[in-house]
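Here the structure comes first, spelled out in structure tokens, and everything after it is commentary.
The values are calculated or read from the model by the stated rules, or taken from the named source; none is laboratory data. Here the structure is a predicted model, which means the values were calculated and not measured. Positions of Cβ are generated from backbone atoms using ideal geometry, with glycine treated the same way; all protein chains shown enter the neighbour counts.
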Ligand code: PLP
């Protein structure tokens with residue numbers, strides 16, 4: 001008789017975004033004349049840049065001509081894209097071999113799939129609060145998850161606790177949902193700790209392109225010794241508006257030993273690569289023109305983040321993020337709980353954000369706003385915010 005994977009029963013139901021949507025819809029049906037502004041979205045809103053669109057058109061045309069048609073490509077990605085990624089890393093002083101770069105259809109799938117390489121009895125250390133995928137993918141596999149507490153005291157950047165023994169360590173910097181970003185010294189502590197206890201760091205750098213301070217690490221491999229203990233996941237979703245186009249890359253250094261070959265084997269067995277058209281679009285992101293255009297879009301979001309952050313400062317509301325991240329993480333005013341603040345803000349300002357408690361226990365009492373809306377809406381939302389809290 002067939003047995004189900006009962007680990008799925010241990011997953012907590014995620015009501016976060018469905019509850020947000022339900023509450024917003026209820027509000028709109030009660031008060032249809034009020035304009036609701038959504039600053040809760042984690043998805044980009046600006047369209048693909050011109051360099052990417054041109055590359056897509058060109059690649060589509062190639063696919064329609066016998067001489068340039070392509071079928072299956074290399075599972076780990078075409079050389080032209082791996083080379084572009086290699087060059088991009090080089091611009092941050094990170095040297096990678098081509099066979100350490102694996103092109104993916106986004107960071108989420110690889111973050112889940114990488115767990116194929118690790119035994120079930122590994123203990124997993126996950127920051128709290130954080131992107132929920134790390135916890136859920138490990139629970140599905142029946143692994144023990146322990147938490148590194150992020151809170152106001154450590155500015156939402158948990159440090160190493162040597163008394164804790166972990167085998168897999170997740171780090172997300174710049175962080176979703178808090179927008180907090182580790183500096184090199186702080187990351188070095190994690191790298192040293194991982195090497196000491198033989199752990200592997202799973203480093204999620206999906207938001208690296210939002211970092212504007214050259215001294216802050218965009219890749220964990222900027223830290224000495226990281227190639228011996230870290231796998232890095234990156235994505236063009238937030239970098240270049242690829243949330244619906246789907247492309248990312250995962251770095252598995254050969255210095256990690258067997259893992260590089262195991263990942264190659266895993267991918268060649270269970271994955272058939274990212275579409276040629278999409279890889280050509282991704283290649284265009286790394287051209288001079290593409291870089292210039294995506295930076296304009298990122299600059300637009302960051303200006304929105306600045307509008308939010310400046311408003312919070314004027315209202316004396318404690319917050320992190322926004323500077324090197326599209327996310328602003330604030331402490332709910334007047335000691336409100338996350339959902340209480342959500343309701344209050346919707347009712348009194350018609351502004352929608354995301355309750356921090358949805359990202360982990362330590363998120364209670366906090367709230368996430370995002371800069372992915374339009375400038376006009378962000379300014380309008382912040383005017384309403386200021387009226388309520390200044
Ligand atoms: N990692 C983090 C921290 C994210 O916030 C997200 C998406 O929101 C992802 C990964 C997933 O990215 P992708 O669209 O490449 O799957």
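Listing for the model above:
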read-out	value
Among (1) buried (at least 18 other Cβ atoms within 10 Å of the Cβ); (2) within 16 Å of the ligand (Cβ to nearest atom); (3) assigned to a helix (DSSP H, G or I), the one test that residue 136 misses	(1)
Residue list for the stretch 9-39, filter: farther than 22 Å from residue 376 by Cα, within 16 Å of the ligand (Cβ to nearest atom) and part of a loop (DSSP other than H, G, I, E, B)	14
Condition met for residue 273 (free of Cβ contacts under 8 Å to residues at least 24 places away in the same chain, part of a loop (DSSP other than H, G, I, E, B) and either closer than 20 Å to residue 206 by Cβ or touching a strand residue (DSSP E or B) at 6+ places or on another chain (Cβ under 8 Å) (or both))	no
Test for residue 342: is it over 21 Å from the mean Cα position of the chain (by Cα), crowded, with 23+ Cβ neighbours inside 10 Å and within 26 Å of residue 136 (Cα to Cα)	yes
The stretch 75-85, subset out of contact with any strand residue (DSSP E or B) (no Cβ under 6 Å at 6 or more places or on another chain) and assigned to a helix (DSSP H, G or I), residue surrounded by the most Cβ atoms within 10 Å (Cβ to Cβ)	84
Filter pass, residue 42 being within 16 Å of the ligand (Cβ to nearest atom) and touching a residue at least 24 places away in the same chain (Cβ under 8 Å)	yes
Boolean, residue 212 is away from the ligand (no atom under 11 Å from the Cβ), surrounded by fewer than 16 Cβ atoms within 10 Å (Cβ to Cβ) and under 18 Å from the mean Cα position of the chain (by Cα)	yes
Qualifying residue in the stretch 47-56 (condition: surrounded by 12 or more Cβ atoms within 10 Å (Cβ to Cβ), touching a helix residue (DSSP H, G or I) at 6+ places or on another chain (Cβ under 6 Å) and not in a helix (DSSP H, G or I))	yes
Number of positions in the stretch 236-266 that are closer than 30 Å to residue 49 by Cβ and in contact (Cβ under 8 Å) with a residue 40 or more places away in the chain	16
Residue list for the stretch 317-337, filter: in contact (Cβ under 8 Å) with a residue 24 or more places away in the chain, surrounded by fewer than 22 Cβ atoms within 10 Å (Cβ to Cβ) and over 18 Å from the mean Cα position of the chain (by Cα)	317, 318, 331, 333, 335, 336, 337
Residues of the stretch 217-244 classified as within 15 Å of the ligand (Cβ to nearest atom) and either more than 20 Å from residue 372 (Cβ to Cβ) or crowded, with 19+ Cβ neighbours inside 10 Å (or both), total	15
Residue in the stretch 169-185 that is more than 14 Å from the ligand (Cβ to nearest atom), part of a helix (DSSP H, G or I) and at pLDDT 95 or above present	yes
In the stretch 156-168, the residues that are over 13 Å from residue 359 (Cβ atoms), part of a loop (DSSP other than H, G, I, E, B) and touching a strand residue (DSSP E or B) at 6+ places or on another chain (Cβ under 6 Å)	158, 166, 167
Members of the stretch 211-254 that are touching a strand residue (DSSP E or B) at 6+ places or on another chain (Cβ under 8 Å) and in a helix (DSSP H, G or I)	220, 221, 226, 237
Lone unmet requirement of (1) over 20 Å from residue 323 (Cα atoms); (2) part of a helix (DSSP H, G or I) for residue 146	(2)
Residue 40 crowded, with 17+ Cβ neighbours inside 10 Å, at pLDDT below 95 and within 25 Å of the chain's Cα centre (by Cα)	yes
Per-region count, the stretch 245-266, residues away from the ligand (no atom under 16 Å from the Cβ) and either under 19 Å from residue 204 (Cβ atoms) or crowded, with 18+ Cβ neighbours inside 10 Å (or both)	7
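To keep it simple, each residue is scored yes or no on (1) more than 16 Å from the ligand (Cβ to nearest atom); (2) in a loop (DSSP other than H, G, I, E, B); (3) modelled with pLDDT of 95 or more; (4) in contact with a strand residue (DSSP E or B) (Cβ under 8 Å, 6 or more places away or on another chain).
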position: 67; (1), (2), (3), (4): yes, no, yes, no
position: 71; (1), (2), (3), (4): yes, yes, yes, no
position: 94; (1), (2), (3), (4): yes, yes, yes, no
position: 103; (1), (2), (3), (4): no, no, yes, yes
position: 112; (1), (2), (3), (4): no, no, yes, no
position: 119; (1), (2), (3), (4): yes, yes, yes, no
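Residue-by-condition table, conditions (1) more than 29 Å from residue 299 (Cβ to Cβ); (2) touching a residue at least 60 places away in the same chain (Cβ under 8 Å):
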site: 54; (1), (2): no, yes
site: 69; (1), (2): yes, no
site: 83; (1), (2): no, no
site: 112; (1), (2): yes, no
site: 128; (1), (2): yes, yes
